[in-house]
1. Compute the distance in nm between two label points, each set 7 Å from the Cα along the Cα-to-Cβ direction, one at ALA315 and one at GLU187.
2. Do me a favour and compute the ellipsoid semi-axes for the range 310-387 from its Cα gyration tensor, root of five times each eigenvalue, largest one first, whole Å.
3. From the phi angles alone, apply the Karplus equation (6.51, -1.76, 1.60; θ = phi - 60°) to the range 155-160 and give each ³J(HN,Hα) in whole Hz, x where the residue is Gly or Pro.
4. Once fully extended, how much extra length lies between GLU357 and SER171, figured as 0.36 nm per residue of separation less the alpha-carbon to alpha-carbon distance?
5. Check each of the chymotrypsin sites (Phe, Trp or Tyr not before Pro) in the range 290-390 and keep only those in coil by DSSP with at most 11 other C-beta atoms within 10 angstrom; list them in order.
6. Which whole-Hz couplings ³J(HN,Hα) result when phi for each residue of the range 109-125 is put into the Karplus expression 6.51 cos²θ - 1.76 cosθ + 1.60, θ = phi - 60°, listed in order with x for Gly and Pro?
7. Say each of LEU273 and PHE79 gets a label point 7 Å from the Cα, pointing the same way as Cα to Cβ; how far apart are those two points in nm?
8. Just name one of THR362, TRP311, PHE253: the one whose Cα is farthest towards the positive end of the charge dipole of the range 244-393 (beta-carbon charges, Lys/Arg +1, Asp/Glu -1).
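Each value in this text was obtained by applying a stated rule to the coordinates, not by laboratory testing. Computed from a predicted structure; not experimentally measured. Here the Cβ positions follow ideal geometry from the backbone for every residue, glycine too, while neighbour counts run over all protein chains shown.
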Amino acid sequence: MQNRLKPVYFKNFNYQPPSGLTRANLKCKRARNPPENIMSEKIAELLKDLPKAPKKGDVVESKVISSERGKVFVDLSPFGVGIIYGREYLSARDILKNVNPGDTISAKVIEEENEDGYIELSLREARQALIWKEAEEAMANKTPLELTVKDANKGGLIIEWQGVVGFLPASQLSSEHYPRVESGDKEQIYHELKQLVGKKLSVVIIASDPKEQKLIFSEKGVGAPEKSDIVLQYNVGDVLEGEVTGATDFGVFVKIAENLEGLVHISEMDWALVEDPKSRFKVGEKVKVKVIEVKDGKISLSIKALTEDPWKEAAKKYKKGDQVQAVIIKYNRHGALASIEEGVAGLVHVSDFGSAEKLRETLMLGRSYPFEITVFEPETHKMTLTYKGEKAE
């Protein structure tokens, strides 16, 4: 009988696996990383390094192969040949007529493969994509841009940047250019904004939306601290020297610091009646002002607060019931204002005459007439007068 070999079991074989590796986890490791998985990982690594095929919407850089009439071919190896033609060629013909074989151009993929097997490209859309990318960067970096105002409407200014039309809302204008219309009348605001057409402004992009083709600009705080931060440096009662930067029907604007103006309202210009602020001050004139209010990022100023209140002297000289001579200085809807001294005026009510026409026939501007003081409150600058002369028939 033939001897058969028996299997040998090495029960006492003293094999020691490397440190930290037991037979059990060695078995698991082999199961987790079989040879085919290792090969797949290597292939994945190689594929990761390969260039990706251009997709619709991608912006690609490529070299011009040739330029024919109405067509430009570019090298997009290893994926094929790109073509710019038809409407896309016409929209960029001013640029494309100057390109030569070997030149590198940027274009946007608009069709991954047309019926002729070409990858269709657009130079115009690539330019637009790059512009919007620049807009995003400029917005993120708060890059100042010197741009010319193209037009205006009742809401703000029209500004063009890189061929893209954008909008600068009136609320985003600096204090220097903000439309100074106290009544808020839209027609007046529009008139003020039109004055800025053709001027260059330093602005930043504050909103960019390529899908909506929308750019929003702001002139506020360009290259300077926020206005609200500057305003907080001032207190009521401060006396400052400033420069007149503008005059309106309702007062004058005075520059008291870089990028900061305050308003001297017409009622704060003089104790006497001021009819036309524009005739009182010229742009560039130096004036002393007093801070009378700091509120909501705005500063209010007064010129008359730096002079003696004439009502204080008047309080020593006049009282209710006195007979006085007063000069008619202004008509209003309640009647007429009559001044007994410079800066001290009271109301002559229309009810004393029956109608505004009768009052104006009797009391002429610039003339002096006899009156009796019927109300006299110098602390609140209030006075009323009753006419004591002959009334017009």
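1. In this crude spin-label approximation the distance works out to 4.5 nm.
2. 21, 12, 11
3. x, x, 10, 9, 10, 10
4. Extending this stretch completely gives an extra 62.6 nm.
5. On the way: sites: TRP311, TYR318, TYR331, PHE353, PHE371, PHE376, TYR387; in loops: TYR318, PHE353.
Counting only loop positions with at most 11 other Cβ atoms within 10 Å, none of the chymotrypsin sites (Phe, Trp or Tyr not before Pro) in the range 290-390 qualifies.
6. My calculation for the range 109-125 gives 6, 10, 8, 5, 6, 8, 5, 9, x, 8, 8, 7, 10, 9, 6, 5, 5 Hz in order.
7. Once both label points are built, they end up 8.0 nm from each other.
8. Checking the options against the dipole of the range 244-393, the answer is PHE253.
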